[in-house]
1. Once the other residues with Cβ under 14 Å from the Cβ of B:Glu60 are scored (Lys, Arg +1; Asp, Glu -1), what is the net sum?
2. Around A:Leu384, under 13 Å between beta carbons, what's the net of Lys plus Arg minus Asp minus Glu among the other residues?
3. If you rank A:Leu482, B:Leu568, B:Leu132 by fewest surrounding Cβ atoms within 10 Å, what's the result?
4. Using only Cα atoms, locate the centre of the range B:282-341 and the centre of the range A:219-296, then give the distance between them in Å, rounded to an integer.
5. Hey, any idea what the orientation-averaged projected area of the convex hull of the protein assembly as shown's Cα atoms comes to, in nm²?
6. Taking a threshold of 23 Å on the Cα-Cα distance, which of the pairs A:Lys317/A:Lys423; A:Lys566/B:Lys52; A:Lys276/A:Lys308; A:Lys54/A:Lys126; B:Lys276/B:Lys314; B:Lys196/B:Lys308 fall above it?
7. Distance cut-off 31 Å, Cα to Cα: go down the list A:Lys158/A:Lys549; A:Lys305/A:Lys403; B:Lys272/B:Lys331; B:Lys138/B:Lys284 and report the pairs above it.
8. Please arrange B:Cys206, B:Cys440 by counting, for each residue, the other beta carbons lying within 10 Å of its beta carbon, fewest first.
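Bear in mind these aren't lab numbers, they're just calculated from the coordinates by the rules spelled out. If you're wondering where the values come from, they're calculated on a predicted model, not measured in any experiment. All Cβ positions, even for glycine, are placed from backbone atoms using ideal geometry, and neighbour counts span all protein chains on display.
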There are 2 protein chains.
Amino acid sequence: MRASKYLFLTLKKTSNDSENIIYELMLRAGMIYKISSGIYSWLPTGLRVLHKIKNIIREEMNNIGAIELSLPIVQPIKLWEKSGRSEQYGFDLFRLFDRRKRSFILGPTHEEVISDLISNFITSYKQLPIILFQIQTKFRDETRPRFGVVRAREFLMKDAYSFHFDQESLKKTYNIMYNVYSRIFTRIGLKFYVVKADTGSMGGNCSHEFQVLSKNGEDNIVFSNKSNFAANLEFAESVKLSLKPNKPKEKMCLIDIKSTSDLINKFNFSIKKIIKTLIVHGSKKSSHSLIALLIRGDHDVNVLKLEKHPLISKPLKFATKKEIETILNIKPEFLGPINISVPIIADYSVALMSDFIIGSNIEGKYYIGVNWVRDIHLPSTYDLRNVSEGDPSPDGKGILQIKRGIEIAHIFQLGTKYSESMKIFVHDKKGINKFITMGCYGIGITRIIAAIIEQSYDEHGIIFPDIIAPFQVAILPVNMNLHFGIKKIVETLYIELKQSGIDVILDDRDERIGVMFADVELIGVPHIIIVGNNNLKINKVEYKFRPDKNKVLIDLNNIVNFLKEKILN
Amino acid sequence: MRASKYLFLTLKKTSNDSENIIYELMLRAGMIYKISSGIYSWLPTGLRVLHKIKNIIREEMNNIGAIELSLPIVQPIKLWEKSGRSEQYGFDLFRLFDRRKRSFILGPTHEEVISDLISNFITSYKQLPIILFQIQTKFRDETRPRFGVVRAREFLMKDAYSFHFDQESLKKTYNIMYNVYSRIFTRIGLKFYVVKADTGSMGGNCSHEFQVLSKNGEDNIVFSNKSNFAANLEFAESVKLSLKPNKPKEKMCLIDIKSTSDLINKFNFSIKKIIKTLIVHGSKKSSHSLIALLIRGDHDVNVLKLEKHPLISKPLKFATKKEIETILNIKPEFLGPINISVPIIADYSVALMSDFIIGSNIEGKYYIGVNWVRDIHLPSTYDLRNVSEGDPSPDGKGILQIKRGIEIAHIFQLGTKYSESMKIFVHDKKGINKFITMGCYGIGITRIIAAIIEQSYDEHGIIFPDIIAPFQVAILPVNMNLHFGIKKIVETLYIELKQSGIDVILDDRDERIGVMFADVELIGVPHIIIVGNNNLKINKVEYKFRPDKNKVLIDLNNIVNFLKEKILN
């Protein structure tokens, strides 16, 4: 590409609109342009990067024998009503009517559409397993679109769907997908973590997320400092330790207290000594309308874990202040496990506490120095909370750390969730029908770009890895129009590099070298060659590898081979 | 590709749903699958063809220095209100609201979005001219989606937009686009016609359509039998001949008539002798609320031409029966140009008539044997009608023929239509602002496929040209599992062809040769090699070129070179 024929659209400054560094870098590099909250045009430089990532993904998917198709963006809502997800997605779905008042949605994902398609074409176990994929624009009407393309409302995904006769076959393909995703992200140059995750609105019973650590991440990722254990905080189990609580040292007694904050601020008790009593609604299965939960003061409940407990309602519903006061006849801040008329579930960690502090169910009073067995019967225990930094790792190796991550991909073993709701069968050898088994696998393509940028930039702009850079090499001539020899040299260099299969841009604009340099640094070109008269006198050109601080001089005769070795190997 | 790893999804029969032969061929070939009226999934075979066409278009656009970007599907309606097209498109626009009740549309085209983008980045004449393009999914809520992908509601387009400092530069780029479109369609193997066209809802003042003749076409294309003249019927001018009417032979007299159909059926007058008098509303500029139009009995009025006349209202509105009876005090069927109280405009062809028949403005009576000048003053003339077969060509060479066509592309010189409504300026050398000049250029990618198929199929299925066939060569082994030698031979052949850069499918399924043959014929593979034991004994394979009726035997040693020469040259 010649810069005179290209459209950089780089910006020296961005408006106040930019919310964070990645977004600002993308705006300044002229990669994207916002048309509405969470909706972007992809400008030439952004699209070049996007195309390169798409091509790598397509190549890897083809290599594992996945077959590409393209499913529609506009989907009849009746398919979503069949699967039950129309309600579940709620306002996240963009909904529309056609001129005949038929109802449609813009696809945020395509499980329903592909299942419908498959049910019309696949009838026999002989046609299985298959993996289908597409690269398609998706839509999600986010409550709070932000960080540019990290959480957009119109975005590009690669989504794949696999179909199987049984769970065994699904597991095999799931592993293949796990591996091919790892290979894709490794090729793109991403440092990523595969973490165990919740299956959420997709359903199914096993799922992994591919996470990239990021300050702008919206997920909390839990790691062990001594093993490969990694999980989404939502999903990370806390360990039920076989330890017993310390022996009682204190005597239980009732103290007067005006407000619970006095426990810490005035009486100077450690928050780790306090047990919170929370009241939630019971499930339909439970014969109790309310359930009490006991959690250590510094811990947070984990909604997904609570919803899995058979006695607790799903979706989780906390009792209101009014409900607590009416039914349990006590203000919520003085709730405690002694003399309460509802079933109690305690978090694992609560069982290990000794000489602890609890509400007394008497207004203005708290118990201190309480101990299990001696003072109160230990209720049934369960994993109710998010793990905390410093907790032991569930695999028994090391302790846990928590970091923020961006989810760039998610894979699910859906099993028969969709085939049961949408009635999709295949027959076995004997002609007997059974529900088809399914997996689904998504990569957030536009989001990958944000993740890459966060992993690699400096004060001058983005630094892309060779494989997805908008251009791999930039040739910048100094005052080409004043020194005739330079033009000939850069033209030769340009053509030789192009013919070697290197993606090169020659800046043939009538611009100062500073302007040229700023543009190619902003857009993240990793290899920059400066061709100037002084260095040419000693048969050298200047070379700057963006991740390095300094420029080096390289023999003009050697520069093409030098770059070929750097880039093509 | 190995057929065992591929998903043909071909159908022996289609449901009653198929509306016409192209659509039926695409369904049977497993190219598309309908999810809702005018909305399709592209199945693996269809997508392969689509990708090949996209790549050819992208390559040619890059070659002329056009720069690719990607504009969003969801567009804020406020941009369309600015340009004034929100109302103009009416129900054709898919409209939606987001969760904050902001109003959006799904883009049927992107003039507004690209103009908005350009206004933020392009400010100087120095940055011009530029050509930008994208390949994007578009939406149009058609009243009557039909013929499969010919008139779909979700469809793929390549749209390009050029920006210029002046009309001169626009014309230059317009010619480049005209030529590159011709090259693209020629490469794809389409027989097409470039015709002059109306600018319609796009606006501007010069436009050409690329049309492919088709029984399923929705456009009427007018050709000269002796020159290159071609135009859309909507747009084809009729010639104002310098001839004079024949000398009067008859005397004018008033005859009694019960109904106008009696003129032809009972009195046996030729329809070409009758002048119809039609009443339309006058424009705001006109001081008359109604205008009379005179048209020869066998001619049809052309709405677009009428709307261009300064005295006639736009949009065109015919007077109702009630309006005519109230204001002109006569039943519509007895209207005529004598003694009428509104301005009269006659079609060119009417001026050449002699001894003609007109309504008399008296109930139950018609004038016959009427002649201009002698009996009635000739009103002002204008081109009011569609041309007819047999009319002289406007370029003076030959006479006109009319055929049906599918519009596969449309190019427009928009001029300053959008820059004026959306206030987009660039400054000249002196720093003075002027409106930017614009062109736009669209190719209906999904529609091209329908056009290609209509030009090339037989009773066994589609016959694709090499360049866009889902596979160029199919290798079909006969009973590969019974004859071990065959497997080795077809594997070698497969690898050699692949390495030559030929897109080849090896049917390694455990299927009868008839099934294999049916599949590759349905999907339009142009070159088919059958490898069977009997022919191998004499070192031959069977070769079938789909457009030919017969198979021929070719030396096994020569088959790769034979195919390379056929396909790669």
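1. +4
2. Every neighbour counted, the sum reads +1.
3. A:Leu482, B:Leu568, B:Leu132
4. Here the answer is 85 Å between Cα centres.
5. In nm², the orientation-averaged hull projection of the protein assembly as shown is 62.8.
6. As for pairs spanning more than 23 Å Cα to Cα, those are A:Lys317/A:Lys423; A:Lys566/B:Lys52; A:Lys54/A:Lys126.
7. A:Lys158/A:Lys549; B:Lys138/B:Lys284
8. B:Cys206, B:Cys440
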